[in-house]
Amino acid sequence: MIAIVGLGNPGAKYHKTRHNIGFRIVDTFVERRCGRARVQTTPAFLMVKTEYNGQPVAVIKPQLYMNRSGEALKKVPLNFRGGDEMFVVFDDAALEVGALRIRASGSAGGQKGMKNIIDVFQTNDIPRLRVGIGKNTDMPLEDYVLRPFDRAQTALLPEIADRAVDAICCFLDHGLEAAMQQFNRKPGAPQTGDNGG
């Protein structure tokens, strides 16, 4: 079973913050693309066991705050070890708002939730989808990520979520390489090469 993991902070006060775009995207994935769901809620994680195109998936939102995301995932009773059993979706302030980057492995790039996952599972070979939230050089990063999107950015969120969900579906349908080829480009940029349509 593949685990689709969205990162964020639990609680209503964080719901609309930039740091929680991972939660927003996996929620959209479940709502729009998945079949009948069974929800399990614990103090450490919220998990939806569902089906996508006949394939069982577990959609997980850690509930121990961002910097303990890996600790929360270790409590999930799926016995996954990381690697290709997990696809993590999270915010990235190094990317412009709405940009998507899929990677097979690598460092956390300063994202504390992903860093904790890498530390806990002792591998950086974990596929991930980084979703750009931009940055504000006049504000400390830790403040910026915990604030809501501004009005112009909020208007873009439905489109961003749709593209991110398409990226998750491409990963599940066609694999990591195909998803990287299709989505690691700026919105509106022409595709290069033949990716099979």
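Scan region 137-149 residue by residue and report those that are surrounded by 15 or more Cβ atoms within 10 Å (Cβ to Cβ) and in a loop (DSSP other than H, G, I, E, B). Selection gives 145, 146, 149.
Please specify each residue of region 6-46 satisfying the condition of being part of a strand (DSSP E or B) and either of a type in the set (Val, Ile, Thr) or under 25 Å from residue 98 (Cβ atoms) (or both). Even if it seems obvious, please write down each step before you answer.
First pass over region 6-46, keeping only residues part of a strand (DSSP E or B): 6, 17, 38-41, 45-46.
Listed by number, the residues that qualify are 6, 17, 39, 41.
Considering region 11-27, the residues that are touching a residue at least 24 places away in the same chain (Cβ under 8 Å) and among the aliphatic types (A, V, I, L, M) include one that is nearest to residue 149 (Cα to Cα), namely 21. Comparison of 76, 88 shows that the only residue that is among the β-branched types (Val, Ile, Thr) and either over 26 Å from residue 183 (Cα atoms) or surrounded by fewer than 18 Cβ atoms within 10 Å (Cβ to Cβ) (or both) is 76.
Just one of 61, 49 is part of a strand (DSSP E or B), surrounded by fewer than 19 Cβ atoms within 10 Å (Cβ to Cβ) and either hydroxyl-bearing (Ser, Thr, Tyr) or in contact (Cβ under 8 Å) with a residue 12 or more places away in the chain (or both); which is it? Within the list 61, 49, the selection yields 49. The selection criterion, being in contact (Cβ under 8 Å) with a residue 24 or more places away in the chain, outside any strand (DSSP E or B) and not basic (Lys, Arg), does not hold for residue 152.
The condition of being in a loop (DSSP other than H, G, I, E, B), hydrophobic (A, V, I, L, M, F, W, C) and either closer than 16 Å to residue 171 by Cβ or in contact with a Lys or Arg (Cβ under 7 Å, 6 or more places away or on another chain) (or both) holds for only one of 3, 108, that being 108.
Restricting attention to region 22-43 and to residues that are aliphatic (A, V, I, L, M) and surrounded by fewer than 18 Cβ atoms within 10 Å (Cβ to Cβ), the residue that is farthest from residue 158 (Cα to Cα) turns out to be 39. Tell me, yes or no, whether region 159-170 has at least one residue that is more than 30 Å from residue 54 (Cβ to Cβ), in contact with a strand residue (DSSP E or B) (Cβ under 7 Å, 6 or more places away or on another chain) and surrounded by 13 or more Cβ atoms within 10 Å (Cβ to Cβ). Within region 159-170, not a single residue is more than 30 Å from residue 54 (Cβ to Cβ), in contact with a strand residue (DSSP E or B) (Cβ under 7 Å, 6 or more places away or on another chain) and surrounded by 13 or more Cβ atoms within 10 Å (Cβ to Cβ).
Read the figures in this text as sums done on the coordinates, not as results from a lab. It should be emphasised that the depicted structure is a prediction, and the values quoted were computed from it without experimental measurement. Cβ sites come from the backbone with ideal geometry, for glycine too, and all protein chains shown count toward neighbours.
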